[in-house]
1. Identify, by number, the condition in (1) within 14 Å of chain A (Cβ to nearest Cβ); (2) surrounded by fewer than 20 Cβ atoms within 10 Å (Cβ to Cβ); (3) of a type in the set (Gly, Ala, Ser); (4) under 30 Å from B:Thr105 (Cβ atoms) that B:Gly253 doesn't meet.
2. Criterion first (over 30 Å from A:Glu75 (Cα atoms), basic (Lys, Arg) and surrounded by fewer than 24 Cβ atoms within 10 Å (Cβ to Cβ)) does C:Arg186 satisfy it?
3. Just to verify a result, which residue in the range C:229-258, among those that are in a helix (DSSP H, G or I) and either more than 12 Å from chain A (Cβ to nearest Cβ) or more than 24 Å from the chain's Cα centre (by Cα) (or both), is surrounded by the fewest Cβ atoms within 10 Å (Cβ to Cβ)?
4. Of the residues B:Leu375, B:Leu419, which is without any contact (Cβ under 8 Å) to a residue 60 or more places away in the chain and more than 27 Å from B:Arg351 (Cβ to Cβ)?
5. Residues A:Ala198, A:Ala194: which one is farther than 21 Å from A:Ala400 by Cβ, aliphatic (A, V, I, L, M), surrounded by 24 or more Cβ atoms within 10 Å (Cβ to Cβ) and touching an Asp or Glu at 6+ places or on another chain (Cβ under 9 Å)?
6. Does A:Pro174 satisfy the criteria of being under 22 Å from A:Thr242 (Cβ atoms) and within 11 Å of chain B (Cβ to nearest Cβ)?
7. Sort out for me the helices (runs of 4 or more DSSP H) sitting completely within the range B:319-429 that have 1 or more residues that are out of contact with any helix residue (DSSP H, G or I) (no Cβ under 9 Å at 6 or more places or on another chain).
8. So which residues in the range A:399-435 are among the charged types (D, E, K, R) and facing another protein chain (nearest Cβ under 7 Å), if there are any at all?
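The values are calculated or read from the model by the stated rules, or taken from the named source; none is laboratory data. Since the model is a prediction, treat every value here as computed from it, not as a measurement. Reconstructed Cβ throughout: ideal geometry from the backbone, glycine too, with neighbour counts over all protein chains shown.
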Amino acid sequence: MMRLKRRTVAACSSALALALGATACGGGDIAPAGSGGGKLDGSKVVVAGVWSGTEQKNFRKVLDAFTEKTGAEAEFISTGDNVSTVIGSKIEGGNAPDVVMVPQTGVLKQFAHKGWLLPLGKKTEQTVTDNFAPVWKNYGTVDGDFYGLYFKAAHKSTVWYSPDALDQAGVKPPKTYAEMLKSSATVADSGLPAFAVAGEDGWTLTDWFENIYLSQAGPQKYDRLAAHELPWTDPSVVRALTTLGELFSGKDLVAGGRQGALSTDFPSSVGQVFGADPEAAMVYEGDFVGSIAKEEYGKKIGDDAAFFPFPAVDGGKAPVVSGGDAAVVLKDGRNRKAAMALMDYLATPEAAEVWAAEGGFLSPNQKADPAAYGDDTTRSIAKSLVDAGDTVRFDMSDQAPATFGGTKGMGEWKILQDFLRDPADPKGTAAALEAAAAKAFKN
Amino acid sequence: MTALTTPARTTARSSPAVTPPSGPRRSATRRRWFVAVVFALPALLLLGVLVVYPMLFSVGRSFFDATGTRFVGGDNYTEMFRDPATLKAIRNSTIWVVVAPTLLTGLGLILAVLTEKVRWATAFKLLLFLPMAVSFLAAGIIFRLAYEEDPDRGVLNAVAVGVHDTFQDASSYPTARARDGQGLAKGADGSFRTTGETRPGRTVALGLVGVQPDELPAGAAPARRAASATAAPDELRGVVYLDFTPGGGGEQGKVDAKERGLPQLAVEAVSGDGKVAARATTAADGSFRFADLAAGPYELRLPARNFAPPYEGISWLGPALVTPAVIGAYLWIWTGFAMVLIGAGLSALPRETLEAARMDGANEWQIFRRITVPLLAPVLTVVFVTLVINVMKVFDLVYIIAPGPVQEEATVLATQMWLVSFGGGQDQGLGSALGVLLLVLVVPAMLFNVRRFRRSQS
Amino acid sequence: MTVITDTPRQERQAWPARLTRRLSSGVVQAVLIVVGLIWITPLAGLFLSSLRTERDNAGSGWWTALAGPGQLSLDNYSTLLADTGITQAFWNTVLISVPATTLVVVLSALAAYAFAWLEFPGRDALFLVVVALLVVPVQVGLLPVAKLFGQLGLFGTIPGVVLFHVAYGLPFAIFLLRNYFAEIPREMLEAARMDGGSEWRIFAQLVLPVGRPALASLAIFQFLWVWNDMLVALLFADSASQPLTVALQSQIRQFGSNIDVLAPGAFLSLVVPVAVFFAFQRHFVQGVMAGSVK
């Protein structure tokens, strides 16, 4: 379908996905029985997740490696975009998968609250404590129980640019937000709008905001705002919106103008920078921009498409906003033993390295060998993520109820789109955000 | 199981249901009931278990909160109407219900009648049938792309822009602009004017930015020499140049060595009383010259036509047009349905009646109006009612075609219901309440059908 | 029909009438050609897109392929078909669509006949309830039916998927057929009943033949809806019983329009419905009734 975005998954695009089957439901290939003759011979674990296409193929390789090692068969079924409904109906029908890869913290919480999940075993927990920064374990814990193992991560603080375009304008990748604004103005003077902004996809706008907010207001406030302990009308929010508004309203800083940005979807925004006929010099989004530039537009990562870390705002620390897919074990699954063995395996650096070698993957696992990544750019993104350690923060909109943080045409997505259309009133925007958040968090 | 004929039955056109069975016939009546039950039961059983039961469950569910454990009475209903999105959805659903089934039934009827008159009817029917065979997702994506604003990718805007540009030339420097505070300011009409006054005998350099070097006309030459030319006393000279050195390093507001002029740009000299005293067009190096000017202060103006933004086509998926646009896609998909069903009805019409009318000298319009349409009424009703109900349920097309920023403008009840119960909301209480609302709103369509049904029976 | 051949009729008419008919026939053809062109354009777009790479599709409109056919290739199709699960999925789709269509047509024809021509208490009220069920969206049934099927052991099986489709196809089918059957001239039925025909025989030998255009239309639409379904299959089938729609889309990428997957997928899955259309189309125009009324 059009814009599958993990974070939206729980929910927002579900209509599409379910109704039309927008997404994948992977073939039922069964991994060959392990030749390794492991201790789990004859058992079978069924894993469900949103992955399709390449991601599904690559994850199957991880499952094959698991089979090789333990002898347990592993089958992957794709739920399409709407994990909650598919898993819910499978549980109702008495045919629940054993393990689910949940695409965001909000869904993890939702599953835990519904009582669908089994806390992970001591062994897995210990491996996670040893191999991951504590923040990852915290995001996998609901009400004191550890349920979710973050296997695949995204790094959402990367600004991608066309080196040619910056050279043409004679500017270097900036270190601070102020520098970025200045360089952007220079780039705009050179005749190329500075940024491609995918205003049609609300989630790119929330990511913009989150990076600025994390750096400007700091991680403590970020956590409180994410939990809605801090109201959105807080001055720190208004300040971050004002900062974002400077970029949106700058002269020719946004390709196609703000109105044009509102009708640009995320893949097109990457195309505006890396397509055949560039219309912008830079595009901000996660590490996956690189894969799109490479696969859809044939750019060589590192040469024709490079990134710089999202710059620090107003003297803060440069932000690292992240997110990821967590593996959880369902209570109603038929094969707990194999499921737990799979969790143990997914917590090892070895499992991460299998996918890292295939590309399009970042592991939050500190022990994973950087040499496993296929190219230097990915390696440096992975390093930045692991080095950030406990200062990593999860995407705020992913943590919120989906009506606020993850639904097309609603909540934060919609309000930030309105803000992009007219950034003149950050206070009013903050008030609108608070009203929507209050409604969503009450539920 | 021989059907016995009652006296009532032998009288044509009397209602079969109104004859009360009398004494000796009771067992026969029972047997007829039994036959009827055998005919209808399998279908009714399936419906009861798989459709009615979930529906009742859903009605009950609408009185509970999101978790499904707490009874909240009518709260979901009040909540539903408090949300402005619901009201928008009701408005849009109304537009859909009024417009789409009528257009579709009309179109289907006309096409069904017309295809009867051509030899390639089958080919035509197949063509109109194909969209139904394409999945909704693929259809949604086709139209999403067709309505795309970028004329390089959206076919409708490609046509719109193509037509527009044949009649009107594009301006030469749509993206050019002046830096703030460097001698030029943008006027309300989109032109650029000098901020300080200037007089004959001077040479001015007007710097613009925002033009990509490879977008300059091929002959554009460096502007530096022209910028330092000396003007005669009654002459006002100048140069319009691109104030940006590729690769950086240039000084703002100064004509650096590598900076080129902007050719083919219209320049006007405006005298103190606001009248245009002279006009010129820049040369390859961006230079211009007004000779024989009367003394006095002048303002130089780069008229707006130099910078007119290119025509971008129509914003099909903007807030104003999004609902008609989605309805258009829906028509493309469903016309085949209406046409095939109406065609099937048409083929069942008694030919003799039509032929007799023709022989009596009725023209095609009269036949259509007086005979075809009334005879087709039951079929038209089926098609119309089915479409009304289907339109109430449509949400996938809306969800795919409407972009995020205008989703709210395009939303319909079914989209709301889906979003609330399975989408972001995961609140099946509220979602069920919306479902009940949907059910209630279809009642008029039902009643319409009942009334027709009763009439045809009596 | 009595396909409406113009010739015999024209012979009976005077020449001015013939002239106007010629003229109007020209207008009719022109109108239909215009409509046809409007309808074919999006399909042509989809087809050309299916032959272009993702990169081409992202960069330029499909119509540019008309100027440079060099960019067209069957690569998207071969990529799709390289998925080994496709053949199995194809058969699953057939195994789901054929019984679902047959059952809907048979059950609804029986019920529609009962609603139109047999008497039983509460008939009209019941019919209204059935029509009202048209409005119940499939989504309403998902979770309750999943639970029920789980208890019956039908969850994750092809019969489960089929039953679900049948149940949700019935209201429209009954509604459609009842209204068609109700138009059968009463005299015909009365005559058959007088001759001592049982209801079964009347149904099989009179109603079904007369209702052929309607039955054919119903069958083909029901077939289409089941063939293109993804939602029900996604929830109610497991990986061994998944249909084509589900399998085709496992190749979708996370970002991008995915038109290079969806377009060839759409055309691959179009083949069977088109074949079905051809198989049924002659029944659309089979006016048995036309000759039988006097």
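1. Of the numbered conditions (1) within 14 Å of chain A (Cβ to nearest Cβ); (2) surrounded by fewer than 20 Cβ atoms within 10 Å (Cβ to Cβ); (3) of a type in the set (Gly, Ala, Ser); (4) under 30 Å from B:Thr105 (Cβ atoms), the odd one out for B:Gly253 is (4).
2. On the way: over 30 Å from A:Glu75 (Cα atoms): yes; basic (Lys, Arg): yes; surrounded by fewer than 24 Cβ atoms within 10 Å (Cβ to Cβ): yes.
Spelling it out, C:Arg186 is indeed over 30 Å from A:Glu75 (Cα atoms), basic (Lys, Arg) and surrounded by fewer than 24 Cβ atoms within 10 Å (Cβ to Cβ).
3. So, considering only residues that are in a helix (DSSP H, G or I) and either more than 12 Å from chain A (Cβ to nearest Cβ) or more than 24 Å from the chain's Cα centre (by Cα) (or both), the one surrounded by the fewest Cβ atoms within 10 Å (Cβ to Cβ) is C:Gln251.
4. Numbers: B:Leu375 fails: more than 27 Å from B:Arg351 (Cβ to Cβ).
Exactly one of B:Leu375, B:Leu419 is without any contact (Cβ under 8 Å) to a residue 60 or more places away in the chain and more than 27 Å from B:Arg351 (Cβ to Cβ), namely B:Leu419.
5. Numbers: A:Ala198 fails: farther than 21 Å from A:Ala400 by Cβ.
Going through A:Ala198, A:Ala194 in turn, just one is farther than 21 Å from A:Ala400 by Cβ, aliphatic (A, V, I, L, M), surrounded by 24 or more Cβ atoms within 10 Å (Cβ to Cβ) and touching an Asp or Glu at 6+ places or on another chain (Cβ under 9 Å): A:Ala194.
6. Values: under 22 Å from A:Thr242 (Cβ atoms): yes; within 11 Å of chain B (Cβ to nearest Cβ): no.
No, not satisfied.
7. Values: elements: B:322-347, B:351-359, B:373-393, B:396-401, B:407-410, B:413-421.
In the range B:319-429, the matching helices (runs of 4 or more DSSP H) lie at B:351-359, B:373-393.
8. If we filter the range A:399-435 for residues that are among the charged types (D, E, K, R), which is where we start, we get A:408, A:412, A:414, A:418, A:421-422, A:425, A:427, A:434.
Hits for the range A:399-435 are A:Lys408, A:Lys414.
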